[in-house]
1. In degrees between 0 and 90, to the nearest 10, how far off the longest principal axis of chain B does helix B:284-311 point, with axes built from Cα atoms?
2. Do any GluC sites (Glu not before Pro) in the range B:1-90 lie in a loop, going by DSSP, with at most 12 other beta-carbon atoms within 10 Å of their beta carbon, and if so which?
3. Peptide B:255-266: average number of partner chain Cβ atoms within 10 Å per residue?
4. So, by mean Cβ neighbours within 10 angstrom, what's the order for B:124-134, A:54-64 with the highest one leading?
5. How do B:148-155, B:108-115, A:25-32 rank on mean C-beta neighbours within 10 Å, highest first?
6. What average count of beta carbons from other chains do you get within 10 Å of the Cβ of residues in A:46-55?
7. Under 16 Å from a point placed 7 Å out from the Cα of residue B:6 along the Cα-to-Cβ direction: which residues of the range A:1-42 have their backbone N that close?
8. What order do you get for B:91-98, B:376-383 when each peptide is scored by the mean count of other beta carbon atoms within 10 Å, highest first?
Amino acid sequence: MIREDERLLDGGPLLPVRCRTCAAEVLARKASWEQTSIQWTAEAAAACHELGADPLGTCGALRSAIQEAALAGTITVLDEHTPDPSTIPHDH
Amino acid sequence: MTAVESDAIRRIEAEAISSRFARGWHCLGPAEKFKDGKPHTVHAFGQKLVVFTGGDGKTNVLDAYCRHMGGDLSQGTVKGDEIACPFHDWRWGGDGRCKKIPYSRRVPLRARTAAFPTMEKNQLLFVWNDPEGKQPPDDVTIPVIEGVGRDDWTQWRWTEQIVHTNAREVIDNVVDMAHFFYIHNSFPTYFKNIFEGQTAIQIMKGKSRPDARRDDGGGKGPRMLGNTSVAAYHGPSFMIDELTYHYEGYDLTSILINCHYPIDENSFSLHSGIIVQHSDKLPAAAAEATAEKLSTFILAGFQQDVEIWKNKTRIDNPLLCEEDGPVYQLRRWYEQFYVDVADVTPEMTDRFEYEIDTTRPVESWEREVEENLKRREAEEARA
């Protein structure tokens, strides 16, 4: 029997994030700014340009898309105590 | 977002363990061991098996019990390409068919026993288990390990032991970052899992623990800074770990095998294998010595796990914090090997990635290491 990870129920679910360089749409979740879960589908994995080259890495473009979704609030970063990278003044 | 706190007592749940065993290639150890012209008894998949290499050089695995009167073929004799039963000398071929009964004119109909497909790879013997009785598909295999058999790598150092618990316990370690600190005296600083198809990967980086007093030269040799490990299960039981130890000024490159086969639902045979690459800093003899040391070290690590497994309970509903790994998703991946091929669903095989935020664990463990060092200093001052 396959059981559900209760953290998804108690903390928050995986939510859709679309990559901007390819057609891949995945489900993503961030428990904190540094934590990321990514659920791919076969279609998304087939669409991704980077996975074939480096199956051990997380696609850089998708990583950015998830980070942007987190900053925009499209996906919630569950632990608010961790520093929000947007507040780190690397732009100025 | 905060979850609602509950006053209800958390119950540990555990279903009865199925006596169905995983579909896939299982490693029985170095292939050479089975090429001595003698039959070997192997208890696996809830059965007794006979492993023997015929005169043709092919290593075969059959159900150990002779279909004639139930004699144990693994107590028999290899005669030509066949295994002869010790009871009445019936001869069984590697394909599972009875080839000859010396005292009879004919072999009866239905004289066929269970034969398990075998494969030799990386100088290791693999046996295919499939509850549906099918042959292994061509694309389900074990990757070639570059360093095996090369003269700039050491030979396999292999260990095996019987562990009295269900094999799921050893699989769970793939996602269990925190136990590496508490049980194995490691210090993970980076931890990520990827599950896809029949592969489950663990990528881990760690630093050395000054409080663990691991015997790595006692301050004489080069200082160990940390390690990088990329470990992947290929199928349900065979893990290849590309393990690099970073020393001041050089890297030590090794391949570690962590594999098992189920004996029955309550025990499994746990194996480890290691090869180490020679280098300028590590010429042949030094590499051999290092491999020996690492092998002992890995065995000690298994012992640490075994101590936990001996006393823990099986738990189907582990209660997880956000700094734990994806236990449920790992078990979802593992489930594909326990259902018929037709019942494998995309959720079991679709790619899933999970990277742990190690900020808090690292902070907490640094504090603990610091405290351990201080306590030791105080103890030594008193002594």
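1. 90
2. B:5, B:13, B:15
3. The per-residue average across the peptide is 0.
4. By packing density, highest mean first, the sequence is B:124-134, A:54-64.
5. Ranked from most to least packed, the peptides come out as A:25-32, B:148-155, B:108-115.
6. Per residue, the number of nearby Cβ atoms from other chains is 1 on average.
7. A:3-12
8. B:91-98, B:376-383
Throughout, read-outs are computed from the coordinates displayed, never taken from laboratory work. If you're wondering where the values come from, they're calculated on a predicted model, not measured in any experiment. Every residue, glycine among them, receives a Cβ derived from its backbone with ideal geometry; neighbour counts consider all protein chains shown.
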